[in-house]
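Colleague: The structure that follows is given in the form of structure tokens.
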Protein chains: 2
Amino acid sequence: MTKTKIQKQYEKYVATMQKKADIESAIAVLSWDKEVNLPDNSARFRSQQVATLSGMSHELFTKASFGKLLATLKSEKKGLDKRQKRNIALTHKEYERSKKLSKAFVIRKSKTISAAYHAWLKARAANDFQLYKKELGAIVDIAKEEAELIGYKAHPYDALLDIYEPDARTSELSVLFKDVRAQLVAFVKQLKKRPQIKNDFLFKKYGHKKQWEYGLKALENMGYDFKTGRQDISAHPFTISFSPEDVRVTTRIDERDFTNMLWSCIHEGGHALYEQGLPTDQYGLPLGQAISLGIHESQSRLWENNVARSAAYWKANYKEVQNLFPRNLSAIPLKQFYKGINKIAPNLIRTEADELHYHFHVLIRFEIEKGLMEGSIEVDDLEEIWNAKYKEYMDVEVPDAKQGILQDIHWSHGSIGYFPTYSLGSFYAAQFFQQAVKELPNLLSEIEKGNNQSLLTWLRENVHQHGQYYTAKELCIKITGEPLNFKYFMKYAKEKFGEVYA
Amino acid sequence: MTKTKIQKQYEKYVATMQKKADIESAIAVLSWDKEVNLPDNSARFRSQQVATLSGMSHELFTKASFGKLLATLKSEKKGLDKRQKRNIALTHKEYERSKKLSKAFVIRKSKTISAAYHAWLKARAANDFQLYKKELGAIVDIAKEEAELIGYKAHPYDALLDIYEPDARTSELSVLFKDVRAQLVAFVKQLKKRPQIKNDFLFKKYGHKKQWEYGLKALENMGYDFKTGRQDISAHPFTISFSPEDVRVTTRIDERDFTNMLWSCIHEGGHALYEQGLPTDQYGLPLGQAISLGIHESQSRLWENNVARSAAYWKANYKEVQNLFPRNLSAIPLKQFYKGINKIAPNLIRTEADELHYHFHVLIRFEIEKGLMEGSIEVDDLEEIWNAKYKEYMDVEVPDAKQGILQDIHWSHGSIGYFPTYSLGSFYAAQFFQQAVKELPNLLSEIEKGNNQSLLTWLRENVHQHGQYYTAKELCIKITGEPLNFKYFMKYAKEKFGEVYA
């Protein structure tokens, strides 16, 4: 094929992908609206509208003619540049995966999920895992079936991990989480011997309006662009992108817990900066999208933990928070506030965990998911196993299913292989941030002055602008000279919490 | 064909129509979001997304196989019930119209509109009709071409009127607007001899928050269901439906003009009640849609003028408004307030007109559009003609193009045949409301007590629930025993303004 002809074919590919992106952006707007604006009794038609658009997007992508076009472009050794080839390779991989799942399977899976979700809701309300067992078993069965259909080399769990974290492998994660278990459990045990920190001042009354305004300021201070984004309130905070030029965040405000808004706001802000930094000329193509959930989470965690839970950050910002909430904070010196927001304590609920215990929660889910997928764990024994692991790693007793095995929505949504990306995010964040500090000698002193611009520029250049041009591993090597290494997280944890707990 | 087979075909028709409705509802959500939420720099991809979805909806509807299905169902004399037949007939008509416009024509029209819109913006900014002439000429030419393509019996304008007001005819509207010209001009001249009303108290400072809250109350009081709707702020108030179970309104608030929010809120509320009252089981089908723009406008005008500008309505509500804005209104008795909101005065801008002069504005546009379509008026002479008509009917001098010929966006959007529906709305409203008063002897005393429930029930039963089962004319006869008759509006006008101007 001549180069011009190939480029014509490539343009056809781009047009289809952008059409798909347009439909999916519409779905995203409908979903955002559902969480932020939908009147109480308006859900019925909205669900139908989203289902129709989803079907159209799926139909467009799985057309045989599109598969042929991808195959042709993939086989072309010349005529496409590197970036175009990367787009084609990733789209082709996605296409192949989608073709392996028959329509009948997809429908069956969606019914299984729907049943599981309703069983989970019921079981949670009744605080009884027994009511969920059968449906969770069906979820595990269908996940196993999906893994077989997609195919894998070493471990069935690999097939599912790959959906959320392309190229992640069970074997590598097993090594990683072994380190988590060994090193982090030991370190947290040491911290436990130190006198505990008091931070009740964070849980006094913090007014809604002032919290809201402070959240907006915090986002602005990170460099979040309100001209291509906005913040709203929703029950569960999230970030959503309709294009790199319209990336929205939501937060929630608890008047009895200042940290709830604070961390969710900055966390979602980190996700949003990634989306706002993706290249607009790659809209709809893999190079216009985030690499993986793990790398996405690295951006939110970097801002949340490495920046906004640092002493440097609060040197710049504490005065303002103190002035906003004098009744709660005027008697609390900066150091006490800093320690307060970094208090470490075992807990039962993942989403409420501190930044160290958080990884025990993920570790437990990783071990369980791996066990379920390989058949070494049975759903029947799951509550017992769950509770035993919480006792072992965190020394906490799980009092009931609601605060234990029934707390997360993920499995009932059919999402197996998702949890590990949460920890990957923090570990990548630590490694990236230490590299940024190395490369930008003034970074910490800039953060101390409330200036986060050079950090954002560094992230834009090193992470955001590439989209999916690199894999997570390639990107990590490119930025830091080596693949993901847990030692950076441990270094960060030991330095910071060693000091916080003196 | 057997009855079962026909019903199967009918179900296929319904499925396609609902799919189309789902896509169009998504477009509506995207459009609503654009007006209410869109960040400043996010328009580019949003436009592309809307264009993609519009293309998909159009493609779905104009498929040859769908046309065949419609033809089959239309030819079936048995096997479909009356309501199903009506759906098929209306959809078939729509399909036939769309087939008459080639893709090339649609693209050319859309380019002409785009050029005209930008020329209009420029001309408005420069306050110079000359800058718009050429492009408006192109709009008129393409409108003529469209009329020829669609076809008509008596007058080319008929083909365009039919898009907005099915079955409306130029000949009938000519008679109607002749009455408007003769009777209304004469009546307004009489009123002009009376001492003018002072209503400066409406244009003092009315705080944003209190206005907003009063607007919500006014909507609730009409029976607008906030569980299947919501109100937001936008630059131009509008009503939009995503389904009968999600109908939203917007308003705007001018702190120096209480009436701005008040009338827009109630006006849009009237539109919204119609949409909320459409049958949910006909979602996506003609019987689930409003009859015409004129009937739609009858619902907004009925609430705005016949209800909310009545003495009865303010007997119920004035105390509350007075309590909300004591600085402006405590010294203003009910009667003065009532007169103030019904002040009649000639003006230049249609959207700011009182309820009588409003129809002169529409009359002028009707005469011009009709003239342009039949060739008796040339675009070159338009400004002169415009200004002469304003002088003749309203005795006002048009000082410049911005306050004259360039004030409306409609023509630049290619909407010729739209304006008359505004007046039709008020005339239908007067006729319907007088019938309601006749049938519900307690109606006025209920409104005086702030109870609008039986009016809403009456409208639900007589108008809303039918969707497009009846034509506008049929509905009018069914409800009032005769077709639209201008005398009802004149009766209303004479009684009310005769008393207001004593």
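Colleague: With part of a loop (DSSP other than H, G, I, E, B), among the acidic types (Asp, Glu) and in contact (Cβ under 8 Å) with a residue 24 or more places away in the chain as the only criterion, which of A:GLU369, A:GLU355 stands out?
Modeller: Just one listed residue meets the conditions, A:GLU355.
Colleague: Sticking with this structure for a sec: Output yes when any residue across segment A:72-81 is away from every other protein chain (no Cβ under 11 Å), under 30 Å from B:SER243 (Cα atoms), assigned to a helix (DSSP H, G or I) and at pLDDT 95 or above, and no when none is.
Modeller: no
Colleague: Then there's this: Only residues that are over 14 Å from A:ASN306 (Cα atoms), outside any loop (DSSP other than H, G, I, E, B) and hydroxyl-bearing (Ser, Thr, Tyr): list them for segment A:449-502, please.
Modeller: A:SER454, A:THR457, A:THR480
Colleague: Please work out which residue is farthest from B:GLU76 (Cα to Cα), limiting yourself to segment B:25-34 and to residues that are touching a Leu at 6+ places or on another chain (Cβ under 8 Å) and facing chain A (nearest Cβ under 7 Å).
Modeller: B:LEU30
Colleague: Within segment A:427-436, does at least one residue satisfy the condition of being assigned to a helix (DSSP H, G or I), free of Cβ contacts under 8 Å to residues at least 40 places away in the same chain and not aliphatic (A, V, I, L, M)?
Modeller: No, segment A:427-436 has no match at all.
Colleague: Can you report the number of residues in segment B:241-265 which are without any contact (Cβ under 8 Å) to a residue 24 or more places away in the chain and assigned to a helix (DSSP H, G or I)?
Modeller: Looking only at that region, the number is 1.
Colleague: Separate question: Across segment B:101-136, which residue is farthest from B:LEU160 (Cα to Cα) among those that are exposed (fewer than 14 other Cβ atoms within 10 Å of the Cβ), modelled with pLDDT of 95 or more and charged (D, E, K, R)?
Modeller: B:LYS122
Colleague: Check off (1) in contact (Cβ under 8 Å) with a residue 24 or more places away in the chain; (2) farther than 19 Å from B:SER241 by Cα for B:GLU24 and give me the number that stays unchecked.
Modeller: Result: B:GLU24 fails condition (2) only.
Colleague: If A:ASP22 meets every condition in (1) surrounded by 20 or more Cβ atoms within 10 Å (Cβ to Cβ); (2) away from chain B (no Cβ under 14 Å); (3) of a type in the set (Asp, Glu) apart from one, which number is that one?
Modeller: Looking at each condition in turn, A:ASP22 falls short on (2).
Colleague: Shifting gears a bit: Exactly one of these conditions fails for B:PRO441: (1) free of Cβ contacts under 8 Å to residues at least 40 places away in the same chain; (2) in a loop (DSSP other than H, G, I, E, B); (3) touching a helix residue (DSSP H, G or I) at 6+ places or on another chain (Cβ under 6 Å). Give me its number.
Modeller: Status for B:PRO441: all satisfied but (3).
Colleague: If you don't mind, another one. For segment A:372-393, how many residues meet the condition of being of a type in the set (Asp, Glu) and touching a residue at least 24 places away in the same chain (Cβ under 8 Å)?
Modeller: 3
Colleague: So, one more: Every residue in segment B:77-91 that is of a type outside the set (Val, Ile, Thr) and crowded, with 18+ Cβ neighbours inside 10 Å, please.
Modeller: Answer for segment B:77-91, where residues must be of a type outside the set (Val, Ile, Thr) and crowded, with 18+ Cβ neighbours inside 10 Å: B:LEU80, B:GLN84, B:ARG86, B:ASN87, B:LEU90.
Colleague: Which residue out of A:GLU245, A:GLU275, A:GLU255 is farther than 14 Å from A:LEU216 by Cα, of a type in the set (D, E, K, R), within 14 Å of another protein chain (Cβ to nearest Cβ) and surrounded by fewer than 23 Cβ atoms within 10 Å (Cβ to Cβ)?
Modeller: When all the criteria are applied, what remains is A:GLU245.
Colleague: Now a separate question. In segment A:258-272, which residues are crowded, with 21+ Cβ neighbours inside 10 Å and among the hydroxyl-bearing types (Ser, Thr, Tyr)?
Modeller: If the condition is that a residue be crowded, with 21+ Cβ neighbours inside 10 Å and among the hydroxyl-bearing types (Ser, Thr, Tyr), then A:SER264 is the only one that fits.
Colleague: Something else: Given A:GLU495, A:GLU461, which one is over 24 Å from A:PHE177 (Cβ atoms) and either touching a residue at least 24 places away in the same chain (Cβ under 8 Å) or acidic (Asp, Glu) (or both)?
Modeller: None of the other options fit; the residue is A:GLU461.
Colleague: Can I ask one more? Let me spell it out: the conditions are (1) crowded, with 19+ Cβ neighbours inside 10 Å; (2) within 14 Å of chain B (Cβ to nearest Cβ); (3) touching a residue at least 24 places away in the same chain (Cβ under 8 Å), and A:GLN49 meets all of them except one. Which number is the exception?
Modeller: Among (1) crowded, with 19+ Cβ neighbours inside 10 Å; (2) within 14 Å of chain B (Cβ to nearest Cβ); (3) touching a residue at least 24 places away in the same chain (Cβ under 8 Å), the lone unmet condition for A:GLN49 is (3).
Colleague: Among the residues of segment A:91-98, is any touching a Phe, Trp or Tyr at 6+ places or on another chain (Cβ under 7 Å) and within 14 Å of chain B (Cβ to nearest Cβ)?
Modeller: Checked against the condition, which is being touching a Phe, Trp or Tyr at 6+ places or on another chain (Cβ under 7 Å) and within 14 Å of chain B (Cβ to nearest Cβ), segment A:91-98 yields no hits at all.
Colleague: Could you list, in sequence order, the residues of segment B:278-287 that are within 13 Å of chain A (Cβ to nearest Cβ) and either under 23 Å from B:SER423 (Cβ atoms) or buried (at least 21 other Cβ atoms within 10 Å of the Cβ) (or both)?
Modeller: Across segment B:278-287, the qualifying residues are B:LEU278, B:GLN282, B:TYR283, B:GLY284.
Colleague: Please enumerate the residues belonging to segment A:151-200 that are surrounded by fewer than 13 Cβ atoms within 10 Å (Cβ to Cβ) and in contact with a Gly (Cβ under 8 Å, 6 or more places away or on another chain).
Modeller: Within segment A:151-200, just A:LYS198 meets the criteria.
Here is a yes/no grid of residues against (1) part of a helix (DSSP H, G or I); (2) modelled with pLDDT under 95; (3) surrounded by fewer than 18 Cβ atoms within 10 Å (Cβ to Cβ):
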residue: A:ALA15; (1), (2), (3): yes, no, yes
residue: A:ALA26; (1), (2), (3): yes, no, no
residue: A:ASP33; (1), (2), (3): yes, no, no
residue: A:GLU59; (1), (2), (3): yes, yes, yes
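Colleague: In segment A:1-19, which residues are within 14 Å of another protein chain (Cβ to nearest Cβ) and touching a residue at least 40 places away in the same chain (Cβ under 8 Å)?
Modeller: Once the filter is applied, which keeps residues that are within 14 Å of another protein chain (Cβ to nearest Cβ) and touching a residue at least 40 places away in the same chain (Cβ under 8 Å), segment A:1-19 yields A:VAL14, A:THR16, A:MET17, A:GLN18, A:LYS19.
Colleague: Next question. What tally of residues in segment A:35-45 results from selecting those that are at the interface with another protein chain (Cβ under 7 Å from one of its Cβ atoms) and assigned to a helix (DSSP H, G or I)?
Modeller: Of the residues in that region, 2 qualify.
Colleague: Another one. Looking only at segment A:396-409, which residues are of a type in the set (Asp, Glu) and closer than 14 Å to A:ALA353 by Cα?
Modeller: Matches in segment A:396-409: A:ASP408 only.
The values are calculated or read from the model by the stated rules, or taken from the named source; none is laboratory data. These numbers were taken from a predicted model, which means no experiment stands behind them. All Cβ positions, even for glycine, are placed from backbone atoms using ideal geometry, and neighbour counts span all protein chains on display.
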